[in-house]
Every structure is written in structure tokens, then in C-alpha cells.
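Here is the structure we will look at.
What follows is calculated from the coordinates using simple rules that are stated; it is not laboratory data. These numbers come from a predicted model, not from an experiment. Positions of Cβ are generated from backbone atoms using ideal geometry, with glycine treated the same way; all protein chains shown enter the neighbour counts.
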Amino acid sequence: MAIDYSIIGQRIKKARLAKNMTQEDLAEQIDISVAFLSRVERGNSHINLKRLNQLCGLLDVTEGYLLNGASSSSENYLNKEFSELLESCSPDKQKLIYNVAQVIANSDCE
């Protein structure tokens, strides 16, 4: 699965705007140029893991949300991942995964 940096950039921008931050504010706090942050938000430049982690802390989002749109606070954050996993499996494996998941879902352990 290829990484779509433009979607990651859109998520960064959305989270930044939700915190009422300008590009200048955010860039200054993580010690990058405004031009670089602008390129990241457009998907034209890639941000390293250290800066990504800093962004997450400042914007109150998870790395999972920025990278793949998954938010562990959402009730259905794994739906996309399960769907992609099942699509990559044969019908026999899909049935096996379903049966295992059903056993786990119906067990008394939490």
C-alpha cells in the first residue's frame, strides 16, 4: 500500500486549523520553516518521524490518525484495516478469520 502524502498533509492541515493555529505558529513550535510546512500540508514534502511525533503532540492527534486516518478514540477505527485485510485474503481465509473473530467476540473475556 503506497503512502499518500497529500492525504497526510490534509489531515495535518485539518488538525492545525481545528486548534486555530497558523502555519507560522506550528512551524515555529517544531522548528521548521513555514515554506516546508506548507509543502508538507500539500503533500509535496515528507515529514520525518520526529517531527510527526511533535506535530501529534501539539495538535492532539495520534500518529495513526495522521498516517491512515485511524483514531483509536473512534468506535470504528479498525473498520478500514479489517476491510483491507479481508480483501487481501482468499474466501477460505476470510471464513476462518470470521470464525475466529466470532469466537473472540462471543467470549466472556474483555
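Taking every alpha-carbon pair under 8 Å whose residues sit at least 6 apart, the chain reaches a relative contact order of 24 percent.
Each of Tyr98, Tyr5, Tyr65 has some number of other Cβ atoms within 10 Å of its Cβ, and from fewest to most they run Tyr98, Tyr5, Tyr65.
Under the shape rule built on the C-alpha gyration tensor, where the axes satisfy a ≥ b ≥ c, the range 5-68 is rounded, since a/c falls short of 1.5.
Given points 7 Å out from each Cα along the Cα-Cβ axis, report the Thr62 to Leu17 separation in nanometres with one decimal. Reported label-point gap for Thr62 and Leu17 is 2.4 nm. Our helix-only sum for the chain, with -39,500 (n - 2.57) per DSSP H run of n ≥ 4 divided by its residues, gives a mean residue ellipticity at 222 nm of -19000 deg cm²/dmol. May I ask which of Lys14/Lys50; Lys14/Lys93; Lys13/Lys93 have a Cα-Cα span longer than 27 Å here? Pairs exceeding the cut-off: Lys14/Lys93; Lys13/Lys93. Return the FRET efficiency for the residue pair Leu49, Leu86: r is the Cβ-Cβ distance, R0 is 30 Å, and the value is rounded to the nearest 0.05. Efficiency at R0 = 30 Å is approximately 0.55.
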